[in-house]
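Okay, so here's the structure we're looking at.
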Amino acid sequence: MSASDLPLDTALPIDEISRARLESDGLRLALVDAHDQDAYESWFRVESRGFHDGEPTPEHIAWRRTFPFDGNRVTGVFDDTIANPHAPVATTVCWPAELTVPGGRSVSSWAVSGVSVAPTHRRRGIARALMEAELRTASALGQPVAMLTVSESTLYGRYGYSPAALARDVTVVTKRARWTGPQPTGRVHFLTAEQLREVGHEIVERVRLRTPGQISYSGLLWERQLGFSPSDQHAKRLRFIRYDDADGTPQGFAVYRLVENADDFTQHELVLQTLVAATTDAYAGLWRFLIEMDLVAKVSAHLRPVDESLRWMLDDFRAVQVSEFDHLWVRVLDVAAALSARTYARADRIVLKVTDPLGFADGTWLLDVSASGSATVTPSDEPADATLSVNALGSLYLGGATAHHLAATGALTGDAERLDGLFRSPVEPYLSIWF
Ligand SMILES: CC(C)(COP(=O)(O)OP(=O)(O)OC[C@H]1O[C@@H](n2cnc3c(N)ncnc32)[C@H](O)[C@@H]1OP(=O)(O)O)[C@@H](O)C(=O)NCCC(=O)NCCS
């Protein structure tokens, strides 16, 4: 396809440096036209195989094709010597999305997804060529930041990404968990997935700018949460609830399913897939409803925020067990644009030296923060107050990581306490989806 067939904002030709590097290895880096049925199907089959998913059914492929790919940049690496040369040997898809930053604002960010390399072609530098190409493309498109969620924590640090928002898996032993939190004033309704489609997304959008780390999403990523994907093994068991406040206004929703314990009907497990609340009342109303479900011994929830209030709403703190992991990884590309997009906790004037082996963020920058918390960021030749790697900057960016941890690793030198006073966010960063 030609670059002009892509929507304007992502219509750049393939990256020349990575194209030449792969060509010297007998490989071809190319854009994939997502509107070309055969080309997209081949790409999607390889991506699914790369993540060890089952072979997509015609129904699944047809479903994927119902989503507009405008703004998506779908890329493949091809090897014309393999048995099926129409199928790529490596995949990725990227698009611009809004990333919430501290201060209730957002910054345009290059979402990188679907990175896979066929096992027949692994460890010969294909992923590196793809990842570096995407960073150069994002930079050429003026994207201040790139971001991804990862299958393995060991893959992306080498390209300047770093964990910026953590998440937790939560297990609640419901028999120990007597509700002592606020008494909800509204009510819970059961809905169908169809009924939740519009109102649920409206609530997601209503709260998006409150939490650094959340991203704008719709289409496939949203509908997948509602079990509309034909590959969703659990779709038939999903339950959908909406919480309306005392005035009847929808303020939250949850999606869950039950896993039966055939040996003991009082020991079912409730698996919470999604819970989004726009008010504390809705948060309490939804959680209480789930925890007090009859015949359930355990509620487990994946991908919950680090600052979940739930434990404080139960009489037995230890009824809730958590395990924490890295979730959203951020890579700063344009220091001035990225740092001026967010707000800071206090006024200051600080010079930061950023080191970036790939060159995008390399330089010394004056961060001049006004009393309102807004910053102007300009290149500077003053002596640096702090020096940090681009990875450390990515971790600090959303206000979740602390500078003193980064200083302890050697990724940052200088006045860590002062940096924490500036960068820490009153709201812990959190991203509620995989992409
Ligand atoms: C992860 C994956 C994309 C790597 O592809 P690849 O083409 O083999 O990677 P490359 O040969 O370009 O390696 C690039 C670098 O990453 C390192 N690397 C690759 N895979 C790694 C792994 N699983 N763990 C740690 N390091 C890894 C390489 O050693 C190399 O390091 P260096 O360049 O700094 O010396 C590929 O193995 C894959 O498709 N895995 C399954 C799907 C997946 O997990 N995708 C990532 C989704 S977030």
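The values are calculated or read from the model by the stated rules, or taken from the named source; none is laboratory data. Quantities reported herein were computed from a predicted structural model and do not represent experimental measurements. Cβ coordinates were reconstructed from backbone atoms using ideal geometry, including for glycine residues, and neighbour counts include every protein chain displayed. Note: accessible area is taken over every heavy atom of the protein model, side chains too, but ligands, DNA and RNA are not part of it. Shrake-Rupley method; radii C 1.70, N 1.55, O 1.52, S 1.80 Å.
Determine the shape class of the chain: with a ≥ b ≥ c the square roots of the Cα gyration tensor eigenvalues, call it rounded for a/c under 1.5, and otherwise prolate if a/b is greater than b/c, oblate otherwise. In terms of gyration-tensor shape, oblate. Electrostatic tally near Val351: other residues with Cβ closer than 13 Å to its Cβ, Lys and Arg +1, Asp and Glu -1, net -3. Placing +1 on the Cβ of every Lys and Arg and -1 on the Cβ of every Asp and Glu, with no other charges, gives region 331-423 a dipole of roughly 240 debye about its Cα centre.
Accessible surface calculations at 1.4 Å, restricted to protein heavy atoms, place region 331-423 at 39 Å² per residue. Where does the chain land at 222 nm, in deg cm²/dmol rounded to the nearest 500, when only DSSP H runs of n ≥ 4 count, each adding -39500 (n - 2.57), divided by all residues? Calculated mean residue ellipticity at 222 nm is -7000 deg cm²/dmol. Along the axis of the charge dipole computed for the chain (Cβ charges of +1 for Lys and Arg, -1 for Asp and Glu, origin at the Cα centre), the listed residues Thr92, Trp179, Leu27 are led at the positive end by Trp179.
In this Cβ point-charge picture (+1 for Lys and Arg, -1 for Asp and Glu), the chain has a dipole of about 680 debye about its Cα centre. If we count GluC sites (Glu not before Pro) as exposed when they sit in a DSSP loop and have at most 14 other beta carbons within 10 Å, what is the longest stretch of the chain that avoids them all? Longest gap between qualifying sites, sites excluded: 1-151. Counting only lysines at least 8 places from Lys175 when in the same chain, those with an alpha carbon closer than 16 Å to its own are Lys298. Surface analysis of region 168-327 yields an accessible area of 48 Å² per residue, using protein heavy atoms and a 1.4 Å probe. First check a/c for region 341-435, with a ≥ b ≥ c the square roots of the eigenvalues of its C-alpha gyration tensor; if it is under 1.5, answer rounded, and if not, answer prolate when a/b is larger than b/c or oblate otherwise. Rounded is the answer for region 341-435, as its axis ratio a/c remains below 1.5.
Note on Asp294 and Asp348: with the Förster distance fixed at 45 Å, the Cβ-Cβ geometry gives a FRET efficiency of about 0.25. In percent, rounded to a whole number, the relative contact order of region 3-163 is 22, using alpha-carbon pairs under 8 Å and six or more apart. Taken about its Cα centre, region 3-163 carries a charge dipole of about 580 debye when Lys and Arg each add +1 at the Cβ and Asp and Glu each add -1 at the Cβ.
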